[in-house]
1. Applying the selection to segment 220-244, what residues are closer than 24 Å to Leu314 by Cα and surrounded by fewer than 18 Cβ atoms within 10 Å (Cβ to Cβ)?
2. With respect to Met317, determine if the residue is more than 13 Å from the chain's Cα centre (by Cα) and in a helix (DSSP H, G or I).
3. Within the group Val155, Val183, which residue is modelled with pLDDT of 85 or more, under 25 Å from Gly324 (Cα atoms) and part of a helix (DSSP H, G or I)?
4. Residues to consider are Ala319, Ala333, Ala341; find the one that is within 25 Å of Ala199 (Cβ to Cβ), modelled with pLDDT of 80 or more, among the aliphatic types (A, V, I, L, M) and surrounded by 10 or more Cβ atoms within 10 Å (Cβ to Cβ).
5. Being buried (at least 18 other Cβ atoms within 10 Å of the Cβ), at pLDDT 85 or above and more than 30 Å from Asp203 (Cα to Cα) is the requirement here; does Val286 meet it?
6. Just to be sure before I move on: is Ala44 among the aliphatic types (A, V, I, L, M) and either over 30 Å from Arg210 (Cβ atoms) or within 20 Å of the chain's Cα centre (by Cα) (or both) in the structure I sent?
Amino acid sequence: MSQSRDAKVIDTAIRLLFLGGFCLLAFQLVAPLFGLMIWAVILAVAVYPAHAWLSARLGGRSAPSALLLTLLGLAITLGPVAVMAAQVIDAVAWMVAAVQQGSVALPSADRLAQVPLIGARLVQAWDAFGANLAQLLAQVGPVLLSTGRIVLGKVAGVGIALAMLSLSVIIMGLLFRPGPALVAQARRFANRLFAPRGAGFVDLAGATVRNVSRGVIGVAVIQALLAGIIMVAFGVPLAGPLTLVALVLGIVQIGPGPVLIPVIIWAWFAMATGWAVLFTIVMLPVMVVDNVLRPMLMARGLETPMLVILVGVLGGMFAYGLIGLFIGPVILAVFYELVTAWVNAAEPETVAPPESPGDEPSHLP
């Protein structure tokens, strides 16, 4: 009897050893592409309603819809980068030519003189800075060169990240067709772990990802797009890079204020007063529209409190970076539902003690 039990233990240990080895090998194979696949799944979940709507308009054909959305995603991902790169190249070429020709000069400071109380001092300081600009450039040239190399390295890192994001967009397009079957498998797997609420947790995760994408990415895109259109319409220099920086700051929950406030201040010195007033009036609502739209979109259709979603977004961003914007609220929302289900679990019904043999049964009149 003991030998049979020992044989079963050894057999189970060998099975677990081989299973653990296969899991380790599978993890090592998937680990280099883990971030890429997570981004692809997040994008597929967020964009799938648009895919379903578009495929229905195309007569139920899934492949053309997936192709169109993939091309649109690549255009959104790579389009602003191409515009920014072109503008940066033009700006760098202009600066190099100006330095080589010795024609680097500051613009006139006539409007600085109109600043009350300190206008004359500002003009004097501006003129003194412009007179010594060549000497200043000669002194800080090596520092600027090293700083430029660092900036170029950061730009290269951003380029690599955008290339990975483009691959995620392509994988997103490939996930649309088997999407329903994959969701069904995920629900069955979740039911094995959290029966009978596992399927509900999968649905909650999908709804959370879609709401966060609308409330974070969607609002940031709307803000940056409106800001970019306004800056182009008013002739603001380097509108493309400023729009991209505003988009990134909106996504990481800082907001476009650090970009738009200096632009508004610049407008009061570079534009006529009437145009500066108009520019300020149309730009201020763009800066604060996220405070109205984001809570509405992120809490739409979810029973999870808005505070839980917001804490998950901010905590996930600080803990895991940009991808944490989606992972954080999903984890926290599922954890909140688990705790709520445990707290609200029905207590066992109290069973009344049996009547003693001597007691007479009571009868209602």
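1. Hits for segment 220-244 are Val221, Ile222, Leu225.
2. On the way: more than 13 Å from the chain's Cα centre (by Cα): no; in a helix (DSSP H, G or I): yes.
So Met317 does not fit the description; no.
3. Sole residue among the options that is modelled with pLDDT of 85 or more, under 25 Å from Gly324 (Cα atoms) and part of a helix (DSSP H, G or I): Val183.
4. Ala333
5. yes
6. Here the answer is yes, as Ala44 does meet what is asked.
Table: residues versus (1) in the same structural domain as Gly328 (by TED's automatic domain parsing); (2) small (Gly, Ala, Ser); (3) touching a Ser or Thr at 6+ places or on another chain (Cβ under 8 Å).
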| residue | (1), (2), (3) |
| --- | --- |
| Pro196 | yes, no, no |
| Asn211 | yes, no, no |
| Val216 | yes, no, no |
| Ala224 | yes, yes, yes |
| Val236 | yes, no, no |
| Gly240 | yes, yes, no |
| Val252 | yes, no, no |
| Phe269 | yes, no, no |
| Thr273 | yes, no, no |
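Matching residues to (1) modelled with pLDDT of 85 or more; (2) of a type outside the set (Val, Ile, Thr):
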position	(1), (2)
Asp6	no, yes
Phe18	yes, yes
Leu24	yes, yes
Gln28	yes, yes
Ile38	yes, no
Val45	yes, no
Ala50	yes, yes
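The values are calculated or read from the model by the stated rules, or taken from the named source; none is laboratory data. Computed from a prediction, not measured in an experiment: that's the story for all the values here. Every residue, glycine as well, gets a Cβ built from its backbone with ideal geometry; the counts of neighbours run over all protein chains shown.
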